[in-house]
Amino acid sequence: MPPTVRLRGNAPRRRGPYPLGEIPRSVILAIGRKIVHRLAVGMDDVTGDDFAGIFASAVGGNHRSSPLGVADVELNGCAWSIKTVKSSTPFTQRVVRLISGRNSPVFSQHINNPLANVQITGNAILKIWNARVDEALAEYDDLRVFVMLRNLKTRQFLVTEHAAILYQPRDYVWTLNNNENLVGLHRDTGVHQFTWQPHGSQFTVHHHIPASAQGFKIVRLPAVLSEQELMTAIGFDDSWIETVEL
C-alpha cells in the first residue's frame, strides 16, 4: 500500500490501495473469479448491489450496508461509489451513463415546479450531488467512482475508475429535451454532462471512458451446477435442518 502523506497541521492523509485509475491485475482477476462463480451457480446477470459486494471482496474492503453519501465500499480511508452498466460493446464504448441517485429538488430545495426555471432546478440538482460527495469526504480522504461495463452474453467486461468530484453549477447550462427531461451542458464546451428526469428525479452523469480503462473477457464458460451437485459438493444432508415447534 502506498505510504501515507502527512500535511502540515493535519493528520496523515490516507490514500487508496492503488493509484487512481491504475486498477491492478489482481483486482481484475478477483472480479472475474467472482463472476465465474455466479455463472457456475446459474446466475445470468450481476446487479449493482451484487457488484459492490464483488468489488469489496476484490480489494479487501467493506461493503457498506447503506451508502454514506455516495460511498458504497470503504477501505482504510478510501471509499468508492460502485457502478455497473450493461453494454453491448464494452471494449469500444466511449461514453457511459451513470445513474447517480435520485436528486429531488422538490424535496431538498423546495422547488415546487421544477420546469418553471430549468437553470435554477439544474443548479439545485448539482447542489444535491455535491452535498452527497461532501458527506462522504467528511469521512474519507479519497473518494472514487469505480465502473464496470458488462455483457454477460459475450462475457466481455470493461473496468474504469475516476475521482468523485464536486460540480460547479455556474459551469453548466440547463435545457429541456424533447422528452421534457433536463439536460445539463458544459457552458464552455457544450458537452452533454447530465440528464435529470422530473418523473422519479433520476440523476444521470455522462462520463467519457478514459484510455486507462481495462477490458477483460471470460474465455471459458463454467458448467452450471445443479442444486443436487451443489448440495453434494458442500456435504449437505437433512441433519442441517432442524424443525422448531412454536
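Just so you know, all these numbers are worked out from the coordinates, no wet-lab data involved. Note that this is a predicted model, so its numbers are computed, not measured. Cβ placement follows ideal geometry from the backbone for every residue including glycine, while neighbour counts extend to all protein chains displayed.
In the neighborhood of residue 42, defined by Cβ-to-Cβ distances under 12 Å, what is the net charge if each Lys or Arg adds +1 and each Asp or Glu adds -1?
After counting each charged neighbour, the total is -3.
Dividing the alpha-carbon radius of gyration of the stretch 1-142 by 2.2 N^0.38 Å (N being the number of residues), what value is obtained?
That works out to 1.27 for the stretch 1-142.
Given the peptides 31-44, 138-151, 72-85, arrange them by the average over their residues of other C-beta atoms within 10 Å, most packed first.
Result, highest mean first: 72-85, 138-151, 31-44.
Pairing the Cα long axis of helix 25-40 with the longest principal axis of the chain, what angle in degrees results, from 0 to 90 and rounded to the nearest 10?
It works out to around 60 degrees.
Could you size up the charge dipole of the chain around its Cα centre, putting +1 on the beta carbon of Lys and Arg and -1 on that of Asp and Glu, and report it in debye to the nearest 20?
1220
Using Cα-Cα distances under 8 Å and only pairs 6 or more residues apart, what relative contact order does the chain have, in percent?
Relative contact order here is 21 percent.
Taking the stretch 5-227, how many lysine pairs are there with alpha carbons less than 15 Å apart, if each pair must be eight or more places apart or span two chains?
Lysine pairs meeting the criterion: 4.
Step by step: find N for the chain, compute 2.2 N^0.38 Å, then divide the Cα radius of gyration by it. What's the final number?
That works out to 1.19 for the chain.
5 Å is the cut-off here: which amide hydrogens, built 1.01 Å from N in the peptide plane, fall below it relative to residue 144, excluding neighbours closer than 5 in sequence?
For residue 144, whose amide H was placed from the backbone, the distant partners under 5 Å are 79, 80, 81, 164.
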